[in-house]
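Read the structure below first, then the notes.
The values are calculated or read from the model by the stated rules, or taken from the named source; none is laboratory data. No experiment lies behind these values; they were computed from the predicted model shown. Positions of Cβ are generated from backbone atoms using ideal geometry, with glycine treated the same way; all protein chains shown enter the neighbour counts. Keep in mind that these areas ignore ligands, DNA and RNA; they rest on the heavy atoms of the full protein, side chains included. Shrake-Rupley method; radii C 1.70, N 1.55, O 1.52, S 1.80 Å.
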Amino acid sequence: MQIFEFHFNPKSKEDRFFDTFAYEPENMYEKRLGNLYAVAELKNALPSNSKLPENLAKAAKERYYTFSFKTQERAASEALKKANEFLTEEVKKENVSWLENLNFALLSIKNFDLIFTKTGDIKILLLRAGRIIDIGKNLDLQEIDP
């Protein structure tokens with residue numbers, strides 16, 4: 001399986017931070033869980049929040065590769081919980097400028113199993129058999145409270 005990334009129209013602006021993060025297993029325990037990828041964009045950002053996307057991705061990664069998780073599904077779920085805990089702590093510190101300005105996707109890939117989640121205005125595209133499929137298109141559940 002080939003993994004690659006494209007940045008569509010990532011125009012450089014002083015108030016926009018965009019980054020991708022790729023984490024590969026480093027030992028036999030982590031290999032059971034596969035690779036973890038994160039994509040983050042922070043719009044209308046204050047300079048003090050320049051590291052928020054990176055810190056969010058790192059928090060998810062640290063939880064994802066915890067040795068006690070035996071399945072990819074459990075590790076992905078716990079990584080998402082940790083990402084939410086990280087953002088909750090930011091709110092408690094009264095750092096709320098990122099609210100409604102954060103686009104984030106977290107993807108776990110092991111062999112041909114793909115688990116992902118996203119928030120905000122971000123697309124996850126899958127190229128298969130010469131077709132481009134937006135696999136996150138129908139995930140926006142506006143009627144569900146966060």
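A few points about this structure:
- Heavy atoms of ARG131 accessible to a 1.4 Å probe, total area in Å² rounded to 10: 150 Å²
- Debye log10 I(q)/I(0) for the chain, one point scatterer per Cα, at q = 0.09, 0.10, 0.12, 0.22 Å⁻¹: -0.29, -0.36, -0.52, -1.51
- Solvent-accessible area assigned to carbon and sulfur over the chain amounts to 51 percent, based on a 1.4 Å probe.
- Judged by the mean number of other Cβ atoms found within 10 Å, the most tightly packed of the peptides 95-101, 25-31, 48-54 leads the ranking 48-54, 95-101, 25-31.
- Protein heavy-atom accessible surface, 1.4 Å probe, per residue over segment 1-130: 65 Å².
- Whole-number Å³ per residue for the convex hull built on Cα positions in segment 64-134: 86 Å³
- Subset of LYS58/LYS82; LYS61/LYS81; LYS43/LYS81; LYS93/LYS118; LYS51/LYS137 violating a 20 Å alpha-carbon distance limit: LYS43/LYS81; LYS93/LYS118; LYS51/LYS137
- Unit charges at the beta carbon, dipole of the chain: most positive-side option, LEU80, TYR64, ASN35: ASN35
- Taking only the C-alpha atoms of segment 38-104, the Rg (one decimal) and the largest Cα-Cα distance, Dmax (whole number), read 12.7, 39 Å.
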